[in-house]
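The values are calculated or read from the model by the stated rules, or taken from the named source; none is laboratory data. Everything numeric in this text was worked out from a predicted model, so none of it was measured. So basically every Cβ, Gly included, is an ideal-geometry build from the backbone, and we count neighbours across all protein chains shown. These accessible areas exclude ligands, DNA and RNA; they are computed on the full protein's heavy atoms, side chains included. Shrake-Rupley method; radii C 1.70, N 1.55, O 1.52, S 1.80 Å.
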Amino acid sequence: MPQIPEDLLWLKPGQVAERAGVAVSALHYYESLGLISSRRTPGNRREYRRDTLRVIAFIRASQRVGIGLDRIKEALEGLPEEGIPTKRDWARISRRWHDDLNERIEHLTALRDTFSNCIGCGCLSLRSCPYSNPNDILGSDGAGARRLGGDASE
């Protein structure tokens, strides 16, 4: 495989941000969380390896399907620190997340297919509501609000 010239291997933050479709501040945030890394030039400016673009694309795609930054970081920690991640590296992450993603798809599909029954209802405690209070399990605690967010088993 041909080598990429050194001046093309490293990109300035503005170049990365523009190509990745994120703000430079997002790069700094991702870096502060340990999701991406940079090097410093002799003038103390950041530069990112070109393959950071692929990592940012992975971060954004993962966030779009509801995966939190903590899980994204955990997955990225399995990638090689030196060198460019291979197709095999990315496939390993995909396999690890496969079941979780299928479960998310099933829940979203069920919500999409039955959500019209909930629009405008506002009850959030009927025995028939399978989302916020299945089988009215919160009713056994008495009247009034019991929780904010989370699942009904909390």
Under 14 Å from a point placed 7 Å out from the Cα of Arg88 along the Cα-to-Cβ direction: which residues of region 42-72 have their backbone N that close? none
Please give the length that would be gained between Thr109 and Trp97 if that part of the chain were fully extended, namely 0.36 nm times their separation in residues minus their C-alpha to C-alpha distance (nm, one decimal). 2.5 nm
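Ranking request for peptides 81-91, 14-24: highest mean number of other beta-carbon atoms within 10 Å first, then the rest in descending order.
Numbers: 81-91: 10.5, 14-24: 15.2.
Highest-to-lowest ranking by the protection proxy: 14-24, 81-91.
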If you take every residue apart from Pro85 with its C-beta less than 9 Å away from the C-beta of Pro85, what net charge results, scoring Lys and Arg +1 and Asp and Glu -1? +1
Just how much of Leu9 is accessible, in Å², when a 1.4 Å probe is used and the result is rounded to the nearest 10? 30
